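In what follows, a structure is listed as structure tokens, so that the remarks can point back to it.
The values are calculated or read from the model by the stated rules, or taken from the named source; none is laboratory data. Bear in mind the structure is a predicted one, so any value in this text is a computation, not a measurement. Glycine also receives a Cβ, built like all others from the backbone with ideal geometry; neighbour counts cover every protein chain displayed.
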């Protein structure tokens with residue numbers, strides 16, 4: 001009997017609905033939300049000139065919204081709906097409020113509103129076949145709505161029968177936000193769990209010499225040519 005080789009990470013759609021229209025995608029294939037604005041304003045896509053930020057934007061995977069999200073917060077309270085303006089037939093769980101005291105003080109609220117934290121229950125499960133954890137981060141370079149929405153980041157250790165990945169957020173001010181199906185929710189940055197050992201110390205002469213002696217500084221795109229380490233994030237679609 002032949003066994004199919006398992007991938008390092010498997011994103012599994014428990015609703016059997018989201019994978020059809022809003023699958024998780026490699027971050028490098030998801031549009032940077034301000035790219036066209038830069039081209040129109042500066043005549044070229046300037047963001048790609050900074051390898052550190054550009055490399056981050058292409059790292060890992062993006063989890064898009066599996067439905068339309070609607071969040072409204074004002075002094076009277078807060079409401080959150082999922083697919084509320086569309087007559088959709090699905091088995092997605094509705095959003096639910098979380099205890100605000102847990103994250104009280106993380107950011108400054110505006111317009112006199114209270115803190116209302118919402119959890120949108122993702123249909124996706126994350127299954128890993130190696131010792132892998134994931135940073136679950138706001139989609140800083142992909143999402144347009146982050147001026148109004150605070151997305152709570154975190155690290156999740158997957159494996160050992162834990163597979164949950166949810167979108168947890170709060171509005172920063174008195175406003176109403178609509179996140180459309182397919183827009184980015186989370187930037188998923190996987191990493192292998194290895195031990196790290198660090199030290200904090202003053203520079204020695206050899207350190208100073210090394211920092212001053214880079215031979216690539218005058219070379220155009222020196223970092224990308226000589227220092228950049230290619231990172232591969234494959235993603236295939238299995239519709240079984």
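Taking the options 165, 179, 155, name whichever one is within 15 Å of the chain's Cα centre (by Cα) and farther than 21 Å from residue 14 by Cβ. Step through it out loud before you land on a result.
Details: 165 fails: farther than 21 Å from residue 14 by Cβ; 179 fails: farther than 21 Å from residue 14 by Cβ.
The unique qualifying residue is 155.
Looking at residue 57, is it within 30 Å of residue 130 (Cβ to Cβ) and crowded, with 16+ Cβ neighbours inside 10 Å? Write out each step before concluding.
On the way: within 30 Å of residue 130 (Cβ to Cβ): yes; crowded, with 16+ Cβ neighbours inside 10 Å: yes.
Yes, satisfied.
Got a sec? Which of 240, 212 is loosely packed, with under 10 Cβ neighbours inside 10 Å, within 26 Å of residue 55 (Cα to Cα) and at pLDDT below 85?
Details: 240 fails: within 26 Å of residue 55 (Cα to Cα).
Of the residues listed, the single one that is loosely packed, with under 10 Cβ neighbours inside 10 Å, within 26 Å of residue 55 (Cα to Cα) and at pLDDT below 85 is 212.
Tell me whether the stretch 130-138 contains one or more residues that are within 30 Å of residue 7 (Cβ to Cβ), assigned to a loop (DSSP other than H, G, I, E, B), modelled with pLDDT of 95 or more and in contact with a strand residue (DSSP E or B) (Cβ under 6 Å, 6 or more places away or on another chain). Break it down stepwise before answering.
Just the residues of the stretch 130-138 that are within 30 Å of residue 7 (Cβ to Cβ), to begin with: 130-138.
Checking the rest, the ones that are also assigned to a loop (DSSP other than H, G, I, E, B) come to 130-131.
Narrowing the set further to residues that are modelled with pLDDT of 95 or more leaves none.
For the stretch 130-138, residues within 30 Å of residue 7 (Cβ to Cβ), assigned to a loop (DSSP other than H, G, I, E, B), modelled with pLDDT of 95 or more and in contact with a strand residue (DSSP E or B) (Cβ under 6 Å, 6 or more places away or on another chain): absent.
Take the stretch 149-164 and flag every residue that is over 16 Å from residue 63 (Cβ atoms) and surrounded by fewer than 17 Cβ atoms within 10 Å (Cβ to Cβ). Show your work before the answer.
Applying the first criterion (over 16 Å from residue 63 (Cβ atoms)) to the stretch 149-164 yields 150, 157, 159-162.
Once the filter is applied, which keeps residues that are over 16 Å from residue 63 (Cβ atoms) and surrounded by fewer than 17 Cβ atoms within 10 Å (Cβ to Cβ), the stretch 149-164 yields 157, 159, 160, 161, 162.
Taking residue 191 as the residue in question, decide whether it is under 20 Å from residue 24 (Cβ atoms) and either touching a helix residue (DSSP H, G or I) at 6+ places or on another chain (Cβ under 9 Å) or in a loop (DSSP other than H, G, I, E, B) (or both). Full working, then the answer.
Details: under 20 Å from residue 24 (Cβ atoms): yes; either touching a helix residue (DSSP H, G or I) at 6+ places or on another chain (Cβ under 9 Å) or in a loop (DSSP other than H, G, I, E, B) (or both): no.
Taking the combined requirement at face value, the residue does not satisfy it.
Out of 54, 45, which single residue is touching a helix residue (DSSP H, G or I) at 6+ places or on another chain (Cβ under 7 Å) and under 30 Å from residue 121 (Cα atoms)? Break it down stepwise before answering.
Details: 45 fails: under 30 Å from residue 121 (Cα atoms).
That would be 54, the only listed residue that is touching a helix residue (DSSP H, G or I) at 6+ places or on another chain (Cβ under 7 Å) and under 30 Å from residue 121 (Cα atoms).
Suppose the filter is surrounded by 11 or more Cβ atoms within 10 Å (Cβ to Cβ), at pLDDT 95 or above, under 22 Å from residue 127 (Cβ atoms) and touching a strand residue (DSSP E or B) at 6+ places or on another chain (Cβ under 8 Å); does residue 171 pass it?
Numbers: surrounded by 11 or more Cβ atoms within 10 Å (Cβ to Cβ): yes; at pLDDT 95 or above: yes; under 22 Å from residue 127 (Cβ atoms): no; touching a strand residue (DSSP E or B) at 6+ places or on another chain (Cβ under 8 Å): yes.
No.
Report the residue count in the stretch 11-44 for those that are in contact (Cβ under 8 Å) with a residue 12 or more places away in the chain and closer than 20 Å to residue 139 by Cα. Even if it seems obvious, please write down each step before you answer.
Residues of the stretch 11-44 in contact (Cβ under 8 Å) with a residue 12 or more places away in the chain: 11-15, 17-19, 21-28, 30-35.
Subsequent filtering for residues that are closer than 20 Å to residue 139 by Cα retains 11, 18-19, 21-28, 30-35.
Matching residues across the stretch 11-44 total 17.
When residues of the stretch 117-129 are filtered for being assigned to a loop (DSSP other than H, G, I, E, B) and either within 14 Å of the chain's Cα centre (by Cα) or surrounded by fewer than 20 Cβ atoms within 10 Å (Cβ to Cβ) (or both), how many remain? Steps first, answer last, please.
Here is the first cut: in the stretch 117-129, the ones assigned to a loop (DSSP other than H, G, I, E, B) are 121-123, 129.
Subset that is either within 14 Å of the chain's Cα centre (by Cα) or surrounded by fewer than 20 Cβ atoms within 10 Å (Cβ to Cβ) (or both): 121-122, 129.
Residues flagged as assigned to a loop (DSSP other than H, G, I, E, B) and either within 14 Å of the chain's Cα centre (by Cα) or surrounded by fewer than 20 Cβ atoms within 10 Å (Cβ to Cβ) (or both) within the stretch 117-129 amount to 3.
In this structure, does residue 79 turn out to be free of Cβ contacts under 8 Å to residues at least 24 places away in the same chain, surrounded by 12 or more Cβ atoms within 10 Å (Cβ to Cβ) and more than 30 Å from residue 159 (Cα to Cα)? Lay out the reasoning, then the answer.
Numbers: free of Cβ contacts under 8 Å to residues at least 24 places away in the same chain: yes; surrounded by 12 or more Cβ atoms within 10 Å (Cβ to Cβ): yes; more than 30 Å from residue 159 (Cα to Cα): yes.
In short, yes.
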